[in-house]
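The numbers here are math on the coordinates, done by the rules we state, and not lab data. Here the structure is a predicted model, which is why all the values come from computation and not from measurement. Reconstructed Cβ throughout: ideal geometry from the backbone, glycine too, with neighbour counts over all protein chains shown.
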Amino acid sequence: MAEAVLAAPAARRSDWPFLLCYALAWAGATAGYGPLLTLLLPLRVAELAGPAAVPWLATLTFIGAVSASLTNIAWGWASDRTGHRRAWVAVGLVLASALLLALPLATTLPGLIALLVAWQAALNMVLGPLAAWAGDCVPDRHKGVLGGLLAFAPAWSGAVGAFVTLPALHGGPGVGFATRVAVLALIVVLSILPLLLFGPRLMPAQAPVVSAAATAPCAPTPTGPVRRMWLARLLVQLAEATLFAFIAYWFLSIDATMHPATMARIYGVLLALSVPLALLVGHWADRRVRPWRPLALLAALVALGLVIMALAPGKAVALAGYALFALAMAVFLALHAGQTLRVLPRPDRRGRDLGLFNLTNTVPSLIVPWLAVGLVPTLGFGALFLVLATCAILASALLLSIRQA
């Protein structure tokens, strides 16, 4: 019923402007936390904590992840209840920007943690409703292309991270951090503002379904595909989280002389290549109306890349395996995000349900350290990669078992 509403000529004319504005907004929101958590925050913690930086950063990261997980669900649910997304995104953007600008004012680690937790909550007031907004307005015929456009977000986040860490923005301890977070806040606002100004004001996909649900509250919903999509992403995210945390150590294990700048360039090139590849695969999935096959194939390619990395006889083959892994992973995560919107059974609970899906991004961070500590010291990275490849194969099988179109 919702699809019929979105198939109207007016909706068709508005599809692409919304898709492009949405992709820019999502990339901006991603840039809001990526460079801060991976680059700027560790440097600030080092300034304040000195030799104790590592345990403080671990504590801060854990508390921030818990805050992000819970508030993403809460704000998504709140936007479901009110029936509007724009206001939540706008208020969250104002609060997140203000708290981001306030971070340099924290001169103690407990104060920094308190501000970070508040900032995480405000940022997820943007992310939770923003994720659901796409489900409200993007019809199934564009879910693949939407996923392809979302692949732009990691590449944009990396570019923003490189920009805000330029030496020209360094003004000494504290001052440099303040300048960089101010630039970061400005980039985020400018990225999200077009969607707030020109995006649709209503939730056209929701009203008909809400009405149907109200008249038949006990009607069954297709939860099987939802569970399989959730578990498949969790299994694949285990591999992504592991490589994100330990990739530098693996690079050094195959070439002890590899410079960090070389590692960054390899990762950046692969992220850039993933954007057109994700768009092509997403467009194919939309044209053929076969959303699960590309995801299953990509999960299998993730597994193949990990097997090559585990068994590679030398550096060249290992890097080729990593290239296959990284490309397949980036495209998988982007397309999965788009196709998840296809299987959620209740548009009136879309924000809350997407918050639950967001747990697949945070739960692996709690599992990965124990997995790595248990395998790498005694059996090496090869054993770890083979375990992760098994997880990816299971994810591929789960996706192939989905029959809903």
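What does the highest-first list of 179-185, 45-51 look like by mean Cβ count within 10 Å?
Working: 179-185: 20.1, 45-51: 14.6.
So the peptides 179-185, 45-51, ranked by packing, come out 179-185, 45-51.
Which value in deg cm²/dmol, rounded to the nearest 500, describes the helix-derived mean residue ellipticity at 222 nm for the chain, given -39,500 (n - 2.57) per DSSP H run of n ≥ 4 and division by the residue count?
On the way: 16 runs with 332 residues, N = 405.
Only helices count here, giving -28500 deg cm²/dmol.
Can you tell me the order of 119-129, 268-278, 390-400, 148-158 when each peptide is scored by its average per-residue count of other Cβ atoms within 10 angstrom, highest first? Show your work: numbers first, answer last.
Details: 119-129: 26.0, 268-278: 18.5, 390-400: 21.3, 148-158: 23.5.
Order by mean packing, descending: 119-129, 148-158, 390-400, 268-278.
Compute the FRET efficiency between Arg287 and Leu231 as 1/(1 + (r/R0)^6), taking r as their Cβ-Cβ distance and R0 = 25 Å, and round to the nearest 0.05. Could the numbers behind the result be given before it?
Numbers: r = 28 Å, r/R0 = 1.11.
Between Arg287 and Leu231 the formula returns 0.35.
Provide the per-residue ³J(HN,Hα) series for the stretch 114-129, in order, calculated from phi with Karplus coefficients 6.51, -1.76, 1.60 and θ = phi - 60°, each as a whole number of Hz, with x at glycine and proline positions.
4, 5, 5, 4, 5, 5, 4, 5, 5, 4, 6, 5, 7, 5, x, x
Quick one: Kirkwood hydrodynamic radius for the stretch 241-296, alpha-carbon pairs, angstrom, one decimal?
Values: mean 1/r = 0.0737 Å⁻¹.
So the Kirkwood estimate lands at 13.6 Å.
With the contact rule set at Cα under 8 Å and sequence spacing of 6 or more, what percent relative contact order holds for the chain? Before the final figure, lay out the partial values.
Working: 583 pairs, mean separation 110.8, N = 405.
Reported relative contact order: 27 percent.
Please compute the modelled spin-label separation between Met258 and Leu197, points set 7 Å along Cα→Cβ, answer in nm with one decimal.
4.3
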